[in-house]
1. Hey, got a sec? Which chymotrypsin sites (Phe, Trp or Tyr not before Pro) in region 33-70 land in a DSSP loop and have at most 15 other Cβ atoms within 10 Å?
2. Starting from the amide H of V53, placed 1.01 Å from N in the peptide plane, find each other amide H under 5 Å away whose residue is 5 or more places distant or on another chain.
3. Once the piece of chain linking S75 and S132 is laid out straight, how much longer is it, given 0.36 nm per residue of separation minus the C-alpha distance between them?
4. With every atom except the alpha carbons ignored, what do you get for Rg and Dmax of region 2-57, in angstroms?
5. What is the packing order of peptides 184-191, 138-145, taking the mean over residues of other C-beta atoms within 10 Å and listing the highest first?
6. Can you list the residues, at least 5 places off or on another chain, whose amide H is less than 5 Å from the amide H of Q69, using H built in the peptide plane?
7. From Cα pairs below 8 angstrom and at least 6 apart in sequence, can you work out the relative contact order of region 1-127, rounded to a whole percent?
8. What is the Rg over Rh value, at two decimals, for region 4-96, using alpha-carbon atoms and the Kirkwood definition of Rh?
Amino acid sequence: MTLSPSSGDTTSTNNLTLTLVQSELDKLKNGTYIGNITVSSTDANVSDAAIPVSVTITIPEVSFVSPYQAVSNTSKEVVIRGSGFSSLTNPAVSFGGSAALSITIISDTEIRATHDTLAAGNYNVEVTDGASALPSFASLTVTDAVTYSALWKTSQAISSIIDGLFFDMDKQALFIRRSGSLMRYKFDGANWKLVVTSDFSLNYTAIALSPNGKSFYSFNESEHVFLNLMLAPWLKQPSAIQATLMARL
C-alpha cells in the first residue's frame, strides 16, 4: 500500500489517502490481513500515532491440486481446490500451458480436471475465465516412475508398530511414524537411508499429509499440531498446542 501525502505539517488540516497496490494484492491468498500505519512527528514532544488498517481479500483463486504429483506419460484426473469457481462463465484449465482434456466444475471450491500425458517436470496449474487468469498457488509435479528397493526385508524384525506411513514421490522420501516419532527416509537411487528423526513425541490419534505435500497435521482430543516440512532444522516450538517440524526436503 502507499500513503499520500507521505509527509506534512500541523499548520493546516491534511487528509491522508491510502492506496492499495494491485500488483502486491495479486500475490496474496484470500484472507484478512492486518497492519498499522505509523504517523511520526519530528517534534520529540509529540508521540507517534498508530492507525490500524485491515484488508480482506475474497476473490476467485486456485489454492492447490490433489494429488499434487503424477507419473510421467500418464493422464489422470485431479481435484483442483480454490474459491469462486461457480462464478466462472468460460472456464478453462491448463497444466504448464498444456490444456486439460476435460474439466468439470463440481462446486464453488472444486474443479475436476484431467491432464494430458506430461513429461517429468513442474507444471503450474492455471484456471482461466476467458482471457482472465485466476491467481494460482497450485503446481503439479510430474516424475518418472522409479523402482524402489525394500526398506525392510521380511526376515528383519521390526521393534515397534508402524502407525503412519506416507510416501512423497517427488522428493523420493518416505515418512514413517513409529513409537510417537516421525522419521524421514531418503532414497539414494539404490537404498533407503534414514535422514532424520524428530526429537519430540507425536503421540496423537491421527496424522495426515497435506494435499500439497508440504505439511503434516496431527490431532488428538485436545490439540492440533502443524508440522511444516519446508523449513529446517527439525525443532519443536514452545507452544504445547502447535509444534513445527522443520525439515528442508
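Just so it is clear, none of the values below were taken in a lab; they were calculated from the coordinates. Treat the numbers as computed from the prediction; the structure is a model and nothing was measured. Glycine also receives a Cβ, built like all others from the backbone with ideal geometry; neighbour counts cover every protein chain displayed.
1. The qualifying sites: there are none.
2. Excluding prolines and chain starts, which carry no amide H, the hits are G35, N36, I37.
3. Residue separation times 0.36 nm, minus the Cα-Cα distance, leaves 17.9 nm.
4. Cα-based Rg and Dmax for region 2-57 come out at 14.2, 41 Å.
5. Descending mean neighbour count gives 138-145, 184-191.
6. T141
7. Reported relative contact order: 18 percent.
8. Rounded to two decimals, Rg/Rh equals 1.23.
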